[in-house]
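Comments concern the structure below.
Quick note: the coordinates plus some simple rules give every number you see, no bench work behind them. None of these values were measured; they are calculated from a predicted model. Here the Cβ is made from the backbone with ideal geometry for all residues, glycine too, and neighbour counts use every protein chain on show.
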Amino acid sequence: MACRVLLIASTPSPDAVVAAAARICYSDASAADLLEAESPEKSGKLLHHLWKSGHYSPFEHASFTFAMDGLSRVASHQLVRHRIASFSQQSQRYVEMGDPDVILPPSVASNPDFSERFRTMAEEAHRFYAEMVEAGIPREDARFILPHGWSTRLVMTMNARELHHFFTLRLCRRAQWEIRDLARKMLRLVRRAAPLLFEKAGPSCVIFGECREMNPCGKPYASLEALLDEENY
């Protein structure tokens, strides 16, 4: 099952808010007046200047909240390593896990023998889980038998500065396939909500024209459009 991502909330007029926040450092006008005077043209020039200069603190004034469904706990464990964010995740202590719901990696799905065995073992683990719960074993203990790739749901909020950092790391071809797919979907959403803030966003091969990883993948993206148009995996 492919991960589904929705942008369920964000700072109103995020491009203008960030631009006005940056301007107040050098202006005697009120933030409200600065915000009212913003235009896409003015905001775009300033945001590009901030990005190019590495002055990212104003980006923290815009936040974005995502609802994610169908993400494995393999990927969610990576996601929560981004500490400048807020997370609310479905609990396996309190929510009984229903039908077997394990994310099947593409490399396994492409192998008929392994994919069938993968599903069989996941179903067997779930049957044992359900048997333990039925026998009175607490869900918080029965869950230990469930596969690491079990599907989960969560809500995450990040500000624009951390999103830029997230996209730099997780859109690189060297990132794990599932979180890379998640990052691509997130970037498509925030570019619609804040096109100026995220005009320059992505891995270093896209935004800097060079790979800054110690071990490059050897296949840099030609453009952001090529990255966004790429199909999963």
(request) Express the Stokes-Einstein translational diffusion coefficient of region 191-233 in µm² s⁻¹, to the nearest whole number, given a Kirkwood radius over alpha-carbon pairs, 25 °C and a viscosity of 0.890 mPa s. (result) 215 µm²/s
(message) Please report Rg (one decimal) and Dmax (integer) in Å for the Cα set of the chain.
(response) 21.1, 69
(request) Give me the distance between the Cα centres of region 1-54 and region 107-161, rounded to whole Å. (result) 41 Å
(request) With all distinct Cα pairs included, what does the Kirkwood hydrodynamic radius of region 93-149 come out to in Å, to one decimal, could you say? (result) 12.0 Å
(message) List the trypsin sites (Lys or Arg not before Pro) within region 27-108 that DSSP assigns to loop and that have no more than 16 neighbouring Cβ atoms inside 10 Å.
(response) 81, 83, 93
(message) Can you pull out the chymotrypsin sites (Phe, Trp or Tyr not before Pro) in region 2-97 whose DSSP state is coil and whose Cβ has at most 10 other Cβ atoms within 10 Å?
(response) 94
(request) Taking the Cβ of each residue in 30, 13 as the centre, tally the other Cβ atoms inside 10 Å and list the residues starting with the fewest. (result) 30, 13
